[in-house]
Amino acid sequence: MPSILILNTALAPASAVFAENDQSGLIVRRAGEERQSAQTILQLARQALDATGARRADAVAVVSGPGSFTGTRIGIAAAQGLCAAWEVPGLPISTLALTAAAAHRIRPADTWLAGVRARADELYFGCYRSAGDELTLVGGEQGGRLEELLIGPEASAAGKDLAAGDFGTVMAVGDGWPEAAAIENRFQLRLAGEPVMVEVEAVDLARLARLARRRGGFVAADLLRPNYVTGTPQYREPAASG
């Protein structure tokens, strides 16, 4: 099974995770100090590789944002360099998808509304539907004030609309949300509780990287970009193949 080196500098603390296959354990190296974490990512990557005896990985996944502006750019640059040096593809991973996946691992729900604080009264937003252990992005990731965010058919461009009332059990996760009542009023749905906070773990990084690989989310090194979720929503769910 192909190996994946996963770099995370968008979420503190920075970490490098080596995942060799879907069954084996993970080799994880984390930065000790949050403030210096992003600058140590290549050192963490080398430590993870050395622990396995591997000289390289078959793909490099990177948490591409949205998140820390400087940290995200450092992670992308590191991933670009490793992909180019090893001549392997890259796998961008969304912070919003990671946040939803971490919450779903702890408390499964039918629909997750992931909201990460942006600037002032704005947030980054993604709506995810669950199918067992996997989550699928509905429509595209968005950024803006709560009243500007869309959910359901009007937000979807991939034929994966949420019909009115077809949300199932809905939860919100992330530091960008106000109280539940405001979310319910905006989207006209009922939450199963107040928004929750979670910490993304190495198992979440590995799960999302493996999922991206299975879905064919590879990109060339020079096409790895920070995900700022500005303008046209990025990371839309690809249309199902025939």
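Any read-out appearing in this document is the output of simple, stated calculations on the displayed coordinates, not a laboratory observation. All of these numbers come straight from a predicted model, not from anything done at the bench. Cβ sites come from the backbone with ideal geometry, for glycine too, and all protein chains shown count toward neighbours.
Give me the percent relative contact order of the range 28-135, please, defined on Cα pairs under 8 angstrom at least 6 residues apart. Before the final figure, lay out each step's value.
Values: 133 pairs, mean separation 21.2, N = 108.
Across the range 28-135, relative contact order equals 20 percent.
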*Please sort 55-65, 201-211, 187-197 by packing, taking for each peptide the average over its residues of neighbouring beta carbons within 10 angstrom, highest first.*
55-65, 201-211, 187-197
*Using Cα centres only, tell me the gap between the range 87-142 and the range 181-231 in whole Å.*
2
*Which ordering of I183, I93, I27 is given by a fewest-first count of other beta-carbon atoms within 10 Å?*
I27, I183, I93
*Estimate the FRET efficiency between A85 and E122 by the formula 1/(1 + (r/R0)^6), using the beta-carbon distance for r and 41 Å for R0, to the nearest 0.05.*
0.65
_Can you give the FRET efficiency to the nearest 0.05 for E179 and V203, using r as the Cβ-Cβ distance and R₀ = 45 Å?_
0.90
*Gain in length, R107 to A51, computed as 0.36 nm per residue apart minus the alpha-carbon separation, to one decimal in nm?*
16.9 nm
